[in-house]
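For reference, the structure is listed below as structure tokens.
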Amino acid sequence: MQHPAVVRKPAEGRRVGIVGDMYRFLATGEETGGTYAAFEALVPPGGGPPPHIHSREEESFLVLTGEMTFQLGEERFVAGPGTFLNMPVGSRHGFRNESDRPARMIITVAPAGLEKMFFEVGQTLPDDATAAPPPTEEDIRRLLEAAPRYGVEILPTAE
């Protein structure tokens, strides 16, 4: 079934804060017939999720500004602007902003569906938000509780 085109201007798109990072949704599964979802991530210094595994979707990243330290399996590497990464279904991965400046990326998941977890556990932010509030213990607990329902296994960090 055909779905309508999606156009988001720079100030448009639902913003959600989740454990300290802010995501602006560019296209949701509802808008793409479930084929994919895309969102902009604004990750502050020290931000980013712990290592995790998706059992349902591929996840890709395009670093726009700043730099992110990615983990794929046991390998860690720093990715700067213009770097693209694709994480296959079932791969252990994570990312963390280990720099002293915010980083910005475009993240795509295919098929769509993971965005519903963000909507469930995240905090809706105003349209002019440029950052998310720091995570609380309750925010972390809600994410850890919800993740398995979305096929995501959050792994302990090796730090």
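Each reported figure results from applying straightforward, stated rules to the coordinates on display, with no laboratory input. Quick caveat, the model's predicted, so the values are computed rather than measured. Here Cβ is always computed from backbone atoms with ideal geometry, including for glycine, and neighbour counts include all displayed protein chains.
Listed values, structure above:
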| read-out | value |
| --- | --- |
| Subset of the stretch 31-55 that is surrounded by fewer than 19 Cβ atoms within 10 Å (Cβ to Cβ) and of a type in the set (Gly, Ala, Ser) - its residue that is nearest to Leu125 (Cα to Cα) | Gly46 |
| The listed residue being in a loop (DSSP other than H, G, I, E, B), closer than 29 Å to Glu138 by Cβ and in contact (Cβ under 8 Å) with a residue 12 or more places away in the chain, out of Arg8, Arg101 | Arg101 |
| Filter result (of a type in the set (A, V, I, L, M, F, W, C) and either surrounded by fewer than 18 Cβ atoms within 10 Å (Cβ to Cβ) or part of a loop (DSSP other than H, G, I, E, B) (or both)) within the stretch 11-30 | Ala11, Val19 |
| Residue in the stretch 93-112 that is buried (at least 20 other Cβ atoms within 10 Å of the Cβ), small (Gly, Ala, Ser) and in contact with a helix residue (DSSP H, G or I) (Cβ under 6 Å, 6 or more places away or on another chain) present | yes |
